[in-house]
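Everything on this sheet refers to the single structure shown next.
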Amino acid sequence: MADRGVDLSALPKEVRDQLAELDLELSEGDITQKGYEKKKAKLLASYIQHLPNVDLSLPDVQLSPGHSADPSPSPEAPGPSTSSASKHHRAHRSGGARDERYRSDIHTEAVQAALAKHKEEKMALPMPTKRRSAFVQSPIDTCTPPDTSSASEDEGSLRRKAALSAVLAQSLQSPDYWINRSVQSSSTSSSASSTLSHGEPKTQPQPQLQPAASVLADVLAFTRIENSVPPDVTSSTPQERGSRVDLPPAVRGMSRGQSRSSMLDTADGVPVSSRVSTKIQQLLNTLKRPKRPPLSEFFVDDSEEIVEVPQPDPNTPKPEGRQIIPVKGEPLGVVSNWPPALQAALARWGATQAKSPALTALDITGKPLYTLTYGKLWSRSLKLAYTLLNKLGTKTEPVLQPGDRVALVYPNSDPGMFWVAFYGCLLAEVIPVPIEVPLSRQDAGSQQIGFLLGSCGVSLALTSEVCLKGLPKTPNGEIIQFKGWPRMKWVVTDTKYLTKPSKDWQPHIPTANTDTAYIEYKASKEGTVMGVAVSKISMLTHCQALSQIECSNLYCISRLIGLFNFGIVMNRIHTITVPYAVMKACPMSWVQRVHIHKARVALVKCRDLHWAMMAHKDQRDTNLSSIRMLIVADGANPWSVSSCDAFLNVFQSHGLKPEVICPCATSPEALTVAIRRPGARGAPLPARAILSMGGLSHGVIRVNTEDKNSALTVQDVGHIMPGALMCIVKPDGSPQLCKTDEIGEIVINSRAGGTMYYGLPGVTKNTFEVIPVNQAGAPIGEIPFTRTGLLGFVGPGSLVFVVGKIEGLLMVSGRRHNADDLVATALAVEPVKTVYRGRIAVFSVTVFYDERIVIVAEQRPDASEEDSFQWMSRVLQAIDSIHQVGLYCLALVPANTLPKTPLGGIHICETKQNFLEGNLHPCNILMCPHTCVTNLPKPRQKQPVDVGPASMLVGNLVAGKRIAQAIGRELGVVEDQDLIRKLCMWPTMMHQFLSEALQFRAQTDPDHVLYVLLNAKGVAVCTATCAQLHKRAEKITATLMERGGLNTGDNVVLLYPPGIDLIAAFYGCLYAGVIPVTVRPPHPQNLAATLPTVRMIIDVSKAACILTTQPLMRILRSREAAASVNVKTWPTIIDTDDLPRKRPPHIYKPPTAEMLAYLDFSVSTTGMLTGVKMSHAAVSTLCRSIKLQCELYSSRQIAICLDPYCGLGFVLWCLSSVYSGHQSILIPPLELESSLPVWLSTLSQYKIRDTFCSYSVMELCTKGLGTQTEMLKARGLNLSCVRSCVVIAEERPRLTLTQSFSKLFKDLGLSPRAVSTAFGSRVNLAICLQGTAGPDPSTVYVDMKSLRHDRVRLVERGAPQSLPLMESGTILPGVRVIIVNPETRGPLGDSHLGEIWVSSAHSASGYYTIYGEESLQADHFNTRLSFGEPHTLWARTGYLGFIKRTELLDASGDRHDALFVVGSLDETLELRGLRYHPIDIETSVSRAHRSIAESAVFTWTNLLVVVAELSGSEQEALDLVPLVTNVVLEEHHLIVGVVVIVDPGVIPINSRGEKQRMHLRDSFLADQLDPIYVAYNM
């Protein structure tokens, strides 16, 4: 230290003053430790150099690289011993920034000891990852290179630099080192923050080392992951989330071409970046530690029952004492000549002792501002009373009547005005309601104060002129309407505005009775503000009791204007008030006033004691020997004992006597509960109680002997007030008397307390009219007691001990913890570097059937990420060790952002509200649900399944139960040729091939328009009649035969934008005998992300040729394309824009209908690229099935707004019209991006009855046009023509979206029955499609808990944990569906969850794959049931669902069997032995906060990862972390492992509107998401 060996007393006074000021600055958090050391060294430099043997260098503190060279020795690395003087200073400094109510050196030692124990079993916690730009207040981070321009280079930074250059020199010789490190600091990473919390070595390039840094940059540039730019899988335009593109997926076993050097393989073969996985590995390491409760405390979740809280441990300490006996206070003495009311006392002193001073107020510098005498106080109060009663309103209609309530709004720096207003109201017999001065419309708790004013019926506020000027005003000068307040009339009470009463007017001063005298407000734990009514007799009795304790006509130095106010006037005491602002500027001011006025009584708070102690050094001549009572107003806080001891320690030499310190306990309901009487000179001081915190948490008193780390030292608050009776009762449930060794709530019977909560009779009964009962439940008497809200016990000699307050009580797993105790522990973990002015809030939130503890602290502006994270992890450990309780969440918010109470404290209720609503905006957060959530259901153990007789049971088939199967109507065969011609079904019956059907239509009806293609304006840009389509197909065939050099059966890729060219190319391929493969073209603005998918499909399908347009051909051969793929190895590319007019020599006819017609490639939501083979027979059966279901024939028109590249979308776009002859109006979904209403206006313009769309189209219309329905209606848009609007998808129906769409466009005539969904899968492209004849789709509600156990339990709408499911459309003709147990392969009963299997003539004939996986083919396409019906061949869809027989009738008059799809089997998450569907968790997550635009979940090594897109500002990012964790825990009984907050549009979504979760997972693990924030939940 710089002051080693310096005798501070020998320094000049101005230097000592400057040092004291520095100390105060440090303690207030206004200066960093480093700045403090520098300034101090500078001050002392001239005095040190003359002294021999003083070492000016920094103490030898071991620096870990990446840490600032903090010269103050940390607890782990003690510096050399220092002189007592410096120790003395450091003692003040170490706790400097703490809230001094909680200061305790013993506790600090205990916390450091607990942390040291943790340090031995050192565990690295993964530090959250944060994007640099994420927060406006970006704390200086140790990871960014230091800015040397602002700080002089100290020895530490030089040492750091030397170390770094050595590391660099070594690393550049061994490139392996950097190659291995490169992934960890890849440029896409969001922050280069260290992954280790305990300061393990980190190296960062620094600006000073220019050459080395540039070499390093080169090394890094070349070792980036090959695929390092995150493929933009989100949209065709990089910024917007419009139509989607499919990512390069993982074909079975094919890697995506990542470089091996930069990627690792995890156990399950997923290539991951080392950085993210390192953090997740650390997270897993922290989770491996055993949780505190033994497994026996877990319980099995009875599948039907809701989770219960575990039963308490039988070993918990129980109270053993006898039942407590009520404690009586000393009798209230009889005083002669006692005034009949408080006003009478004021009248007496005003008349007889007019010159006697009543009140002296100080200005901001601590000098007396004015003195109010008793004469002035009486005359001004009289004037005010007269004015209130006679000068407001008219004689016939006065504004105020006796008994009305009036608000008093005065700043605490103006006590004189307040006293005048208070006594004026008493004289006018109106009821004053003192409240704080509102500072803004959004004041913390302002709404609750409004509730108080409303419940008390206040409409008039008294204030001073100065205060009125300072109130916020509207632009036209009126006082604003405060949030939640009733309309107020403001009256200024300055003397110049008051009227002197007429000579004959005298105030009415009745004898004190039980009428209300004034109302004092009190905030409850939940934040509601209630008014405690104090009666006139209570006031008088209270004065009498206080006077009996210490009656003196002497000075009283008061920090409070409240409880002691009346006793002061009653006894003609001279009061000097020291406002809060004076205390901040001059902490010694109250001590100086005691000295100057020889005061006998001082009324202070712990904070005042501490502040005075901090600033006492220069006050040599202070004398406190006059004090007879130093009343510590917040003595009920158990942490007050340290402040009292420390103050006594310092000021005993200034005449302060130990016996005069009198802690007292007060409560709004009971006013003064107990106060320590001043002891006799030299008498022994009362003993302290040293209690075990473990015992306290179970509500029992145990003297702590073993573990001194978890002890709480409590001082007594004296005896109860004279004339009172006190008991201790259980804080919850009925007011049963406690035992003598049990902690309970203090209840009191006294005439000197509050009488009720004004205007709230219900709550009053439970608080002010409590009759304690004994253990048998019988009342102990008829006297009503008042609950004080204080927790405590009665010690030896009837002394009262308080250990906490009800409002600070946190009940976690049946144990009680006190918020104040937790704050004290958090503050004992060296917060100087991290916490701003010791501002810490502790509260609990209810999540998953128990309370969870949340700590929120304000972070200093200069705190580094590293320091903050380290502080947070150490607080976790300290609270875990000392209180044996896990923290749920620890958050740091920027300095000065927590809502404040009027005196500058933290408004806890508002903070909690902000936390739960996501308005807290933390800058650092640490969630620890794994440690503290111990009441999760026991993981489900799956029973082994054997096929055999038992499989009947496993298959859930019980005698009499219907097998869950459903059959579409018969396809039927028509024999009569004439009928065929009449029905226009000729091609469909005579020809098994679509190519023949097109030729037939071109001959018989050449001019019939089959296709109309629209652009964004709704204008037809291209049409195709039967003949035109046939001729165009012939031209393409001729070109293929000429230029392609193809053999029959070769695969040809069709690369076209959605349109008629694609259809013509498809039929051209059929005519040529080659197999078409439709592929979505790459996006010109986003080739890097979209071209690899195209390349992959071309490679996997072994395409011999590519048919495309000229612009696309240029793109494929462009330089930009060459950056993503090898453009030299494309197969033959033929552009079909300008074809010669040639006809092919012949048109190919396949020998059998079982031959391949086309290949259908698609990327599944799990990221798998699968191609299926569709035969000619399957194609024509499918088209016929759709024709029958939707009643399609030549005169019909349908509108299609779908992507035409795979699945049912392709069938409807390219095949169905040619087969059925109806006209298809084609609207490419891309056109909606430039003109949203084009699809709906087409439906209206062409009077379309049937339309098909995708979820992404429906979502675009819902979000984009939802607010414009009136405008569309005005334009004449009418959707009443639409009979069916079918959403084509391969997923569970999105009920919320379809319902929103129906509701929004109901006003445009859309029938609510029109919207329905279809369902298909890879093995069968169309299983369900809502036709025209079937009944309306039904909706059921299933229990989500049962679904997790693979069971279906139907519940009522609105039941808790219910999930609405909509039927997926009517089963197509010729299709048969059965529900099967995926493990036993046995059929299941009705309403049981299982895999959907399908048997149909239009199922695909197998996967098209480059590795002939025959076993997979057989398993997925030609599989049999294990029993029941062994001959039918089934295809497995890979989707879970169930069938329910409904009351509705189908076309044939039978009861309708509805198929409900629940989700894809491949996508389900197996967690804790239960099966979860991602969409359910995502729905909950999206509801958690208004700023979550989209979310996706996946698992990695048994951790649940939630990715949420943030649509709001980045400062909201961290608000989402606790809300997401809460909602998943509450609704799904799962603990989220990692929460990733990303920008909108990052979650990849394919063209069908499905989330690509596996791509997201790969991008996350390869660290390519550029997240705003990644939180690793402990």
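Things worth noting here:
- Cα Rg over Rh - the stretch 1396-1509, Kirkwood: 1.08
- Solvent exposure ordering (accessible area, 1.4 Å, most first) of Ser1464, Ser1220: Ser1464, Ser1220
- For the stretch 647-715 versus the stretch 1269-1344, the gap between their alpha-carbon centres in whole angstrom: 71
- Cα gyration tensor category, rounded, prolate or oblate, for the stretch 1144-1211 with a/c compared to 1.5: oblate
- Projecting label points 7 angstrom from Cα along Cα→Cβ for Lys117 and His508 puts them 6.8 nm apart.
- Whether the stretch 1330-1382 is rounded, prolate or oblate, judged on the alpha carbon gyration tensor where a/c under 1.5 counts as rounded: oblate
- Working ranking of peptides 1240-1247, 1356-1363 by packing, defined as the average number of other Cβ atoms within 10 Å per residue, highest first, is 1240-1247, 1356-1363.
- Cα gyration tensor shape of the stretch 621-732, rounded if a/c is under 1.5, else prolate or oblate by comparing a/b with b/c: oblate
- Cα centroids of the stretch 787-850 and the stretch 1481-1510: 34 Å apart.
- Within the stretch 760-816, the percentage of alpha carbon pairs spaced more than 15 angstrom apart rounds to 68%.
- Spin-label model distance (nm) - Val1355 vs Trp338, 7 Å beyond Cα toward Cβ: 6.3
- Accessible area in square angstrom per residue, the stretch 1005-1150, 1.4 angstrom probe: 41
- Cα-based equivalent ellipsoid of the stretch 1050-1167: semi-axis lengths in Å, sorted from largest, via gyration tensor: 25, 18, 12
- In the context of the full set of protein chains, residues of the stretch 1253-1323 present 39 Å² of accessible surface per residue (probe radius 1.4 Å, heavy atoms only).
- Across every direction, the projection of the convex hull enclosing the Cα atoms of the stretch 1290-1356 has a mean area of 6.3 nm².
- Under 11 Å from the Asp732 label point (7 Å along Cα→beta-carbon), backbone N, the stretch 740-777: none
- Principal semi-axes of the equivalent ellipsoid, √(5λ) from the alpha carbon gyration tensor of the stretch 503-545, are 29, 14, 7 Å from largest down.
- Taking all pairs of distinct alpha-carbon atoms in the stretch 1120-1253, Kirkwood radius in angstrom: 18.1
- Mean separation of Cα contacts under 8 Å, 6 or more apart, over the residue count of the stretch 772-866: relative contact order %: 18
- Percent RCO, i.e. relative contact order, over the stretch 1150-1264, from Cα pairs under 8 Å lying at least 6 residues apart: 23
- If you take the Cα centroid of the stretch 1109-1139 and the Cα centroid of the stretch 1361-1433, the two points sit 41 Å apart.
- Sulfur and carbon atoms: percent of accessible area, the stretch 398-446 [1.4 Å]: 51
- One decimal place: the segment Thr1296-Asp494 gains 282.5 nm when fully extended, by the rule 0.36 nm per residue minus the C-alpha distance.
- Counting only protein heavy atoms and a 1.4 Å probe, the stretch 843-933 has 24 square angstrom of accessible area per residue.
- FRET efficiency for the Ser1513 to Asn476 pair, using the beta carbon distance and R₀ = 30 Å, is estimated at 0.40.
- If R0 is 30 Å, the Cβ-Cβ spacing of Glu917 and Ile364 corresponds to a FRET efficiency of close to 0.20.
- Relative contact order of the stretch 347-478, pairs being alpha-carbon contacts under 8 Å that are 6 or more residues apart, as %: 22
- For the pair Asp1336 and Asp1466, a Förster radius of 41 Å applied to the C-beta separation gives a FRET efficiency near 0.85, rounded to the nearest 0.05.
- Using equal-weight Cα scatterers in the Debye expression, the normalised intensity of the stretch 1222-1308 in log10 at q = 0.20, 0.22 Å⁻¹ is -0.99, -1.22.
- Cα-based equivalent ellipsoid of the stretch 722-796: semi-axis lengths in Å, sorted from largest, via gyration tensor: 20, 14, 12
- Gain in span if fully extended, Ile783 to Leu392, counting 0.36 nm per residue against the direct Cα distance: 136.4 nm
- Pairwise Cα distances in the stretch 1305-1428 exceed 23 Å for 48 percent of all pairs.
- Contour excess over end-to-end distance, with Cα ends at Arg1117 and Ala10 and 0.36 nm allotted per residue: 389.9 nm
- As a fraction of the 1.4 Å probe accessible area of the stretch 457-553, surface on carbon and sulfur atoms comes out at 52 percent.
- For the stretch 738-894, the share of accessible area belonging to carbon and sulfur comes to 53 percent (1.4 Å probe, ligands and nucleic acids excluded).
- Estimated distance in nm for a label pair at Gln447 and Gln941, the labels positioned 7 Å out from Cα along Cα-to-Cβ: 5.0
The values are calculated or read from the model by the stated rules, or taken from the named source; none is laboratory data. The structure displayed is predicted, hence computed values, not measured ones. As a convention, Cβ positions derive from the backbone with ideal geometry for all residues, glycine included, and neighbour counts pool all protein chains shown. Note: areas computed on protein heavy atoms with side chains; ligands, DNA, RNA excluded. Shrake-Rupley method; radii C 1.70, N 1.55, O 1.52, S 1.80 Å.
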